[in-house]
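In what follows, a single structure is set out as structure tokens and then discussed.
The values are calculated or read from the model by the stated rules, or taken from the named source; none is laboratory data. Keep in mind it's a predicted model, so treat the numbers as computed, not measured. As a convention, Cβ positions derive from the backbone with ideal geometry for all residues, glycine included, and neighbour counts pool all protein chains shown.
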Amino acid sequence: MSNILVVEDSERIASFIVKGLQSHGYQVTYTPNGEDALKLSAAAEFDLVILDIGLPGIDGFAVLEQLRGSGNEVPVIVLTARDSVDNTVASFEGGADDYMSKPFSFEELLARVRRRISTPGEVVTETTLSHKDIVLDLRTRRVSAAGIDHDLTAREFTMLEFFLRHAGQVLSREQILSRVWGFDHDPGSNVVDVYIRYLRQKLGNDSIQTVRGMGYRLG
């Protein structure tokens, strides 16, 4: 059984993560602060660390720096509300293996976890998703459409990944909100329509079809 350390100071978010991971068969150790995270990492061997950046006291960047400085190469997925290029770069330069912005859906987190560690008998080889002329690289989070490469924001990436995993299916606004914005989504928001427009600008106007009264479908 894979053992995951979750370092998150928000009790609500931590509970969301811990319960979800445990329901999928992972053993989870939880701490809300960086000091204890370093002590736990020194005392036990973990298969993965899910690390919040905005921790009290020693923040996530300092925890990551000390982990790597001690020679600990455990895979680390960084969580942060600081959704900016500078923080993404800082996370990877500090030794993070992956990066997620809050809020997020558990399904997205689980997919990232599975790409970093595998359960017994499971081999993780998926690196791209594709449909027609759209190819999404799961490692670089870049998309190629009609041979043209585009960068994606965190939300655009998650939404497109969801569409590609359900190509041809009609996805409702509620499904998309839950998947892309997770535990913090607003059912009355029009943000889905806004991000559909962003994706169409990069993929082509006919790439995502509107199904009146039902939702959207990757064409």
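Quick notes on this structure:
- Condition met for residue 35 (exposed (fewer than 15 other Cβ atoms within 10 Å of the Cβ), touching a residue at least 12 places away in the same chain (Cβ under 8 Å) and assigned to a helix (DSSP H, G or I)): yes
- The residues of the range 73-89 that are hydrophobic (A, V, I, L, M, F, W, C) and at pLDDT below 60, listed by number, are 85, 89.
- Filter result for residue 16 (in contact with a helix residue (DSSP H, G or I) (Cβ under 7 Å, 6 or more places away or on another chain) and crowded, with 17+ Cβ neighbours inside 10 Å): yes
- Residue match in the range 91-112 (condition: closer than 26 Å to residue 156 by Cβ, part of a strand (DSSP E or B), hydrophobic (A, V, I, L, M, F, W, C) and modelled with pLDDT under 90): yes
- Among the residues making up the range 159-218, those that are of a type in the set (A, V, I, L, M, F, W, C), free of Cβ contacts under 8 Å to residues at least 60 places away in the same chain and part of a helix (DSSP H, G or I) are 159, 160, 162, 163, 164, 176, 177, 191, 192, 194, 196, 199.
- The residues listed here are 51, 21; of these, the one that is assigned to a helix (DSSP H, G or I), touching a strand residue (DSSP E or B) at 6+ places or on another chain (Cβ under 7 Å) and surrounded by 14 or more Cβ atoms within 10 Å (Cβ to Cβ) is 21.
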